[in-house]
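Written below as structure tokens is the structure these notes are about.
The values are calculated or read from the model by the stated rules, or taken from the named source; none is laboratory data. Given the structure is predicted, the values throughout are model-derived calculations rather than measurements. Heads up, the Cβs are rebuilt from the backbone with ideal geometry, glycines too, and the neighbour counts pull from every protein chain shown. For the accessible areas, the whole protein counts, side chains as well, though only heavy atoms, and no ligand, DNA or RNA atoms are used. Shrake-Rupley method; radii C 1.70, N 1.55, O 1.52, S 1.80 Å.
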Amino acid sequence: QVQLVESGGGLVQAGGSLRLSCAASGLTVTTMGWFRQAPGKEREFVAGSTWNGVNTYYADSVKGRVTISRDNAKNTVYLQINSLKAEDTAVYYCAGTARVWASRVSEYNYWGQGTQVTVSS
């Protein structure tokens, strides 16, 4: 059974930090990605990384504030977000794909249920 389970979301003040986790099981993928969806907006790419860490890439809107990392032994992917802003408020999703480079929603086959991040100003 394929499962992606996100955790680590919550309410945080602007300027703070959060680390989101995504525990993966039952799937074989090359790349894990993080997306987010704010109310009334389309789901957008945040960061992606191959499991071997060779390819890591970020959306321009978060570059410098976000770090994606992996713990292969735990089959877990993390998203560290620093200097949080009100516009970071969204539901954050992790996703998996067999592609090496993927930043579009349509390129990912497996999705978690999401974790809410709310940034108060």
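Structure notes:
- R65/T28 FRET efficiency (R0 30 Å; Cβ-Cβ; nearest 0.05): 0.45
- Fraction of accessible area attributable to carbon and sulfur, the chain (%, probe 1.4 Å): 44 percent
- Neighbours of V77 by Cβ distance under 14 Å: Lys/Arg scored +1, Asp/Glu scored -1, total +1.
- When each of the peptides 22-34, 98-110 is scored by the mean number of other C-beta atoms lying within 10 Å of its residues, the order from highest to lowest reads 22-34, 98-110.
- Solvent exposure of the range 1-120 amounts to 51 Å² per residue of accessible area, where only protein heavy atoms count and the probe is 1.4 Å.
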